[in-house]
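Just so you know, all these numbers are worked out from the coordinates, no wet-lab data involved. The structure displayed is predicted, hence computed values, not measured ones. Here Cβ is always computed from backbone atoms with ideal geometry, including for glycine, and neighbour counts include all displayed protein chains.
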Amino acid sequence: MTAQEIFDKVINHLLQQGGPALDYNYDDDPKCRYRSNNGLKCAVGCLIPDDQYDPLMEGMGVIATSTSADPLNTWVVKHYEPHRHLLGALQSLHDNIGMNLTCYDWQTVILRGAADIAKKFDLAMPRTQP
């Protein structure tokens, strides 16, 4: 995939999903997940095919490179290494938005963040939006 194709797919996914992929624990704050218990996917999670997803990817960021063969780093290197920083920016957009936004707020913040990412990576805003 090109950087533009990645960007289009992720932004449209986030807009259509309408909220973050979070898991809630009884004694913890919600945690962003590549795959949440209720079937949602984060910005990077939507790029990981189901047959390539490994629960051991959870809790790892795409920017943090590892010398070990952890499942997330192995997957990023194999499929998206040239776009690691774009993936990191998209992951940060998803993870740092906030947990209590309405659908309208979520879409507004996603679009604002997407515009910043588009400018930083010299990309066009996605052609299709909900």
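Rounded to the nearest 20, the Cβ-based charge dipole of the chain about its Cα centre (Lys and Arg +1, Asp and Glu -1) stands at 440 debye.
Quick one: pull the percentage of alpha-carbon pairs in the range 1-49 with a separation above 12 Å. List each step's numbers first, then the result.
Values: 729 of 1176 pairs.
Of all Cα-Cα pairs in the range 1-49, 62 percent lie more than 12 Å apart.
For the peptides 11-18, 47-54, the ranking by packing is 11-18, 47-54, with the highest mean count of neighbouring Cβ atoms within 10 Å listed first. Taking 0.36 nm per residue of separation and subtracting the Cα-Cα distance, full extension of the segment from D51 to A3 would add 15.0 nm.
Please list 33-46, 71-84 highest first by mean number of surrounding beta-carbon atoms within 10 Å per residue.
Answer by packing, highest mean first, reads 33-46, 71-84.
Taking only C-alpha pairs under 8 Å that are 6+ residues apart, what is the relative contact order of the range 3-120 in percent?
Numbers: 124 pairs, mean separation 32.6, N = 118.
After rounding, I find 28 percent.
Helical runs (DSSP H, four residues minimum) scored at -39500 (n - 2.57) apiece and divided by the length of the chain put the mean residue ellipticity at 222 nm at -13500 deg cm²/dmol.
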